Amino acid sequence: MTTFILNDKEIKTNLPKGLLLLDFIRYHQMLTGTKIGCREGDCGACTILVGEIKNDRLFYDSATSCLMPIGNAEGKHIVTIEGINTNELNSVQQAFAEEGATQCGFCTPGFIVSLTGHCINETSHDYQAAIDAMNGNICRCTGYKSIERAAKKVSDKIQQNEQPALQYAINNNFIPAYFSGIQERLNSISAAPTNGLTHKKRILGGGTDLYVQQHEAMVNEDIDFFFNKENLKGISIKGNTCYMGAAVTVTDIEASAIFNKHFPALQRYIKLVSSTQIRNMATIAGNFVNASPIGDFSIFFLALNAQLHLSNGQTKRQIPLRNFYKGYKQLDKSLDEYIEGFEFELPSGTDYFNFE
């Protein structure tokens, strides 16, 4: 049984956990505002918000539902375009209408959802942050200037906020009132954290490459979902060594005080890696086991001489990342092994960082 909240509705389903949220939303819930575009996480037409309690606070990330299985929605709040509708146009929709920021409308739900997610989190609400929130959304007909004007109108309004962002968004018609009760509802349905390997056939992190390649085959696979395993998360320092869990995402790195201290140019470069939606989903261990140049952060940690911690659930071993690769899509890893985490020595004050 998979349990989560979809908009204002609690979902309990026995459908295969590998089923994509996009297909569940459209074909099982008949919520057709979430569009099918590329099915590869590139266009943003299927963007949803994923609400999760972190450090006793409800936080929303954008994600592409074409690459997210319902197993990764367990215990979370999934929000589609229908879930942010109010009795009239909400504030983001109104800004788009006033600025003529839509033509065919196919991409519009994704833009609206991405920009709404920007408005309801306790992060920077300036204009550039609003633009960045939509960097995974593509429009093929309107042209971006009208969308940028709508984002400016929204950011100007949200910056007037002197309340918690979520409450301000409710009070000012960005989102409906039911959002105020979501944290309490999530607390009542959240599953107990899972750790370790459950000896299922397939291991899945964020799914941002595996579902591009095998989305139909993955639906009925027996999957062990690593994305939510608490023991595989977190970034910590011991002495001069930084340790990272396998389920750390690119966004976790972007927000990490440790990384921003030791790699001061990081913020300038990290937006070269995919889009906001994909950075919210993609795990670093997934980059590694992809064994392809498409794994953007593999080269970053190769340069840092990272050491991988591998386990099969019983025995453990360490191996340098540089020795992990035997060729394209070939790894020094047995079928029953998985990456628990990895570590690297932090750079000194005289080291120079550049990432292209």
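The values are calculated or read from the model by the stated rules, or taken from the named source; none is laboratory data. Given the structure is predicted, the values throughout are model-derived calculations rather than measurements. Cβ: placed from backbone, ideal geometry, glycine included. Neighbour counts: every protein chain shown. Each accessible area value is taken on the protein alone, full model and side chains, heavy atoms only, with ligands, DNA and RNA left out. Shrake-Rupley method; radii C 1.70, N 1.55, O 1.52, S 1.80 Å.
Some notes on this structure:
- Value at 222 nm in deg cm²/dmol, rounded to 500, when DSSP H runs of n ≥ 4 in the chain each add -39,500 (n - 2.57): -8000 deg cm²/dmol
- The P(r) of the range 186-341 has a tail past 26 Å containing 25 percent of all C-alpha pairs.
- FRET efficiency, N135 to Y352 (Cβ-Cβ, R0 30 Å, nearest 0.05): 0.65
- Normalised by 2.2 N^0.38 Å, where N counts its residues, the alpha-carbon radius of gyration of the range 308-356 equals 1.46.
- A Cβ-based charge dipole, computed about the Cα centre of the range 300-347 with Lys and Arg at +1 and Asp and Glu at -1, lands at about 200 debye.
- Leading residue at positive end of dipole, the chain (Cβ point charges), from N87, I70, I48: I70
- Area accessible to solvent at M134, 1.4 Å probe radius, in Å²: 10
- Computed about the Cα centre, the dipole magnitude for the range 251-340 is approximately 220 debye when only Lys and Arg (+1) and Asp and Glu (-1) carry charge, each at its Cβ.
- About its Cα centre, the dipole of the chain is roughly 400 debye, where the only charges are +1 on Lys and Arg Cβ and -1 on Asp and Glu Cβ.
- Our summary of shape: the Cα atoms of the range 50-196 have principal axis extents of 47, 35, 29 Å, ordered from largest down, in whole angstrom.
- Once the Cα gyration tensor of the range 116-256 is diagonalised, semi-axes √(5λ) in Å: 33, 21, 19
- Positive-end extreme of charge dipole, the chain - chosen from Q29, L232, A165 (charges on Cβ): L232
- In range of the label at N173: residues from the range 92-135 whose backbone nitrogen is under 16 Å from the point 7 Å along Cα→Cβ: 92-99
- Label-to-label distance, nm, for residues given as Y328 and T3 (7 Å Cα→Cβ offset): 4.7
- Counting only protein heavy atoms and a 1.4 Å probe, the chain has 45 square angstrom of accessible area per residue.
- In the range 1-93, Cα pairs under 8 Å separated by at least six residues give a relative contact order of 36 percent.
- Taking only protein heavy atoms and a 1.4 Å probe, the accessible area of the chain is 49% carbon and sulfur.
- Dividing the convex hull volume of the alpha-carbon atoms in the range 15-57 by its residue count gives 117 Å³ per residue.
- Sorting the segments 151-157, 267-273, 39-45 by their mean number of nearby beta carbons within 10 angstrom, highest to lowest, gives 39-45, 151-157, 267-273.
- Theoretical gain in end-to-end length, Q314 to R149 [0.36 nm per residue, Cα-Cα removed]: 53.8 nm
- Take the Cα radius of gyration of the range 269-356 and divide it by 2.2 N^0.38 Å, N being the number of residues; the result is 1.15.
- With contacts taken as Cα pairs under 8 Å at a separation of at least 6 residues, the chain carries a relative contact order of 15 percent.
- Rg ratio for the range 7-82: its Cα radius of gyration over 2.2 N^0.38 Å, N being its residue count, equals 1.04.
- Equivalent ellipsoid semi-axes - Cα gyration tensor, the chain, angstrom: 34, 24, 19
- Inter-label distance, nm, simple model (7 Å from Cα along the C-beta direction), R57/Q213: 3.7
- Computed FRET value (nearest 0.05) for R202 with N260, which takes r as the C-beta separation and R₀ as 25 Å: 0.15
- Charge-dipole axis of the range 84-239 as Lys and Arg at +1 and Asp and Glu at -1 on Cβ define it, positive-most pick from A130, L204, G105: L204
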